[in-house]
Structure formats: structure tokens, C-alpha cells
Amino acid sequence: MQFQQLQYFVAVAETRHFTRAADLVHVAQPSLSQQIKALERELGADLFVRARGNIALTDAGEALLPLARRILADADTARYEVQELVQLRSGRVRLGATPSLCTGLVPDVLRAFHDRYPGIRLMVEEGGSHDLVRELARGALDLALVVLPLPTPSPALTTVELLREDLVVVSSPDSPRPGGTRAAVRISDLEGERLVMFRHGYDLRELTVAACRAEGFEPDFAVEGGEMDAVLGFVRAGLGLAVVPRMVAARSGSGLRVTPLARPGLHRTIALAHRSDVDPPRAARELQRMLLER
């Protein structure tokens with residue numbers, strides 16, 4: 001089995017077309033087809049069902065695809081690791097983070113990292129913790145900032161707790177103050193209030209809904225399904241309240257009233273995660289150090 005054959009196999013699996021796959025990997029289509037057939041002979045199984053205008057993976061192809069992607073990702077990481085040996089003047093870091101952390105924590109750290117290592121290319125992927133864990137496991141990310149506890153505990157990941165962040169309630173200054181004249185809002189005060197709610201898969205959605213149910217009521221959604229920027233915009237427009245991280249509220253600018261939650265309040269734990277079986281590349285380890293020392 002050759003590394004190049006795995007590249008060709010993944011290209012065909014992702015494009016479902018031999019000619020487009022050949023263009024993608026910059027090789028003649030007959031050469032690509034020959035290498036795929038040689039790989040199938042080596043493995044003793046067909047990887048694709050070939051029909052005019054329709055290329056589909058066989059069961060063997062489905063089994064090989066995640067393994068091939070991981071091998072290619074590890075080889076790519078090794079290539080960048082070597083390039084980074086010259087005083088971190090080149091290379092890349094692939095960081096995953098939840099959208100709220102991309103708004104709150106990540107910008108300042110990435111600015112400091114970029115100022116120190118301007119030659120390192122920063123690649124950021126936003127997603128929920130579940131998606132980021134999956135991307136880490138398949139080698140598509142070097143590091144990820146996730147919310148604990150993880151939706152699906154993974155023994156293949158190492159997590160280090162980074163910070164514990166308070167959540168606050170944001171509302172439009174033109175709407176009645178949540179909780180009346182009290183300085184802090186109780187979760188029970190949210191009963192009967194119209195909430196602007198994040199999309200399914202957002203850690204903040206699950207946390208807020210669980211807190212409301214623990215107080216014996218179902219939250220009432222005015223709008224749901226948004227990302228962080230959309231949720232803040234809907235709140236500014238007076239559509240309802242939202243529960244967001246304190247760092248996000250602090251960075252949100254004008255047009256929002258920020259009210260703390262009464263004790264014990266709501267909190268979330270942010271952790272830095274990476275694969276346990278492979279050390280992060282050198283540049284990623286430096287970003288990891290800066291995040292842990294912030």
C-alpha cells in the first residue's frame with residue numbers, strides 16, 4: 001500500500017468522480033484509475049461501485065476512508081513539524097473553538113501569538129464541542145477549545161482545564177429589566193420571559209435549557225437556531241433575552257444590557273484538548289503554552 005494510493009482513494013471518495021479526483025491531485029485520470037485498482041488488488045477488495053455517472057463506496061471503502069484520512073493528516077502534520085524546526089518561522093496551527101470562544105477568548109491570544117510568530121499560519125475552525133472532538137480524533141485539528149464535560153468522553157483525547165467562566169443575561173436596554181429591580185437575575189426569573197436561543201448542538205443551549213428545567217419550567221423561545229452574532233443581534237433588536245458567557249457580553253459593545261445571574265449562577269468549564277496518541281506540532285505546542293499561561 002502506497003501513500004500516494006491513499007491520496008488518490010480519498011480524492012475519489014470525496015469527489016465521487018475519477019476525472020475530478022485526478023484534477024484535484026494533479027495526475028492523469030488513467031494513472032489515478034490504475035493506482036486505485038492496484039490498491040484494491042493489494043487489499044483484496046473493491047473500494048468503489050463503479051456505474052456510469054455514479055461512483056459509490058463499498059463497505060470496504062467506507063471502512064478504509066476514515067483510516068486513510070487519518071494517515072494523510074498525520075503525514076501532513078509530520079511535514080509541517082519539520083518545516084517548523086527553523087525557529088518557528090513557518091508552519092501552521094489548526095485550532096478549533098466554539099463560536100463563543102472565538103468571540104471572547106481566542107482573538108487576544110491569537111493576536112499575541114501572531115505578533116510573536118508572524119510566519120505561522122493560523123487556521124481556526126468554529127464548531128460545537130462534539131464536532132471539534134470528532135475533528136481532533138481524525139487529525140484535522142491540532143488543538144481545540146471545548147466545553148467540559150465532553151458530550152462523548154474520548155479516551156483518545158487529553159484535556160486540560162483552562163478556565164471557569166460565568167454566564168450572564170443580556171437584554172435590550174429598551175425592554176423591561178429582567179428580574180425587576182434586583183441586581184442579579186435568578187434562573188426562575190426567566191420563566192415567562194421570551195428567550196433568544198442558540199441552534200441545536202450549541203453547548204450554551206443545552207446548559208440554559210437544563211438550568212430552566214431544573215427550576216421546573218420549559219423555556220419559551222422567541223427565536224431559536226442562531227449562531228452567537230445572530231443571537232446578540234436579535235437581543236439588541238428587542239426580540240428577547242439570552243444567556244451568554246461573560247467574556248462575550250464584555251466584548252459585545254453597545255446596545256446590550258448585561259445582568260449577572262444570582263448565586264449559584266451558571267458557569268461553564270473551558271478546556272484545551274488534543275490527541276493523546278500524537279504530540280501536537282511545535283507551533284501548536286507554543287500556542288498551547290500561551291493559552292495555558294494567559
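Each listed q (0.10, 0.15, 0.17 Å⁻¹) maps to a log10 I(q)/I(0) for the stretch 143-294 from the Debye sum over equal C-alpha point scatterers, namely -0.41, -0.82, -0.98. Considering only ALA284, ALA211, LEU266, the residue lying farthest towards the positive end of the dipole of the stretch 176-294 is ALA284, judged by Cα position with unit charges set on Cβ. Using only side-chain charges placed at the Cβ, +1 for Lys and Arg and -1 for Asp and Glu, the dipole size of the chain relative to its Cα centre rounds to 500 debye. Report the Stokes-Einstein translational diffusion coefficient (µm² s⁻¹, integer) for the stretch 51-209, Rh taken as the Kirkwood radius over Cα pairs, at 37 °C with viscosity 0.692 mPa s. Estimated via Stokes-Einstein, D reaches 169 µm²/s.
The residues of the chain expose, per residue, 50 Å² of accessible area to a 1.4 Å probe. Pairwise Cα distances in the chain exceed 31 Å in 45 percent of cases. With the convex hull of its Cα atoms as the shape, the stretch 152-227 has an orientation-averaged projected area of 7.0 nm².
Ligands, DNA and RNA left out, the accessible area of the chain computed with a 1.4 Å probe is 51% carbon and sulfur.
Gyration tensor analysis over the Cα atoms of the stretch 70-119 returns equivalent ellipsoid semi-axes of 24, 17, 4 Å (largest first, whole Å). Percent of C-alpha pairs per 5 Å bin in the stretch 223-294, short distances first: 3, 12, 18, 15, 13, 12, 12, 9, 5, 1. Considering only LEU190, LEU157, GLN4, and ranking their Cα positions along the charge dipole of the chain that arises from unit charges at the beta-carbon of Lys, Arg, Asp and Glu, the one farthest toward the positive end is GLN4.
The values are calculated or read from the model by the stated rules, or taken from the named source; none is laboratory data. From a predicted model like this one, the values you see are computed outputs, not experimental measurements. We place every Cβ from the backbone using ideal geometry, glycine too, and count neighbours over all the protein chains shown. SASA here: full protein model, heavy atoms, side chains in, ligands and nucleic acids out. Shrake-Rupley method; radii C 1.70, N 1.55, O 1.52, S 1.80 Å.
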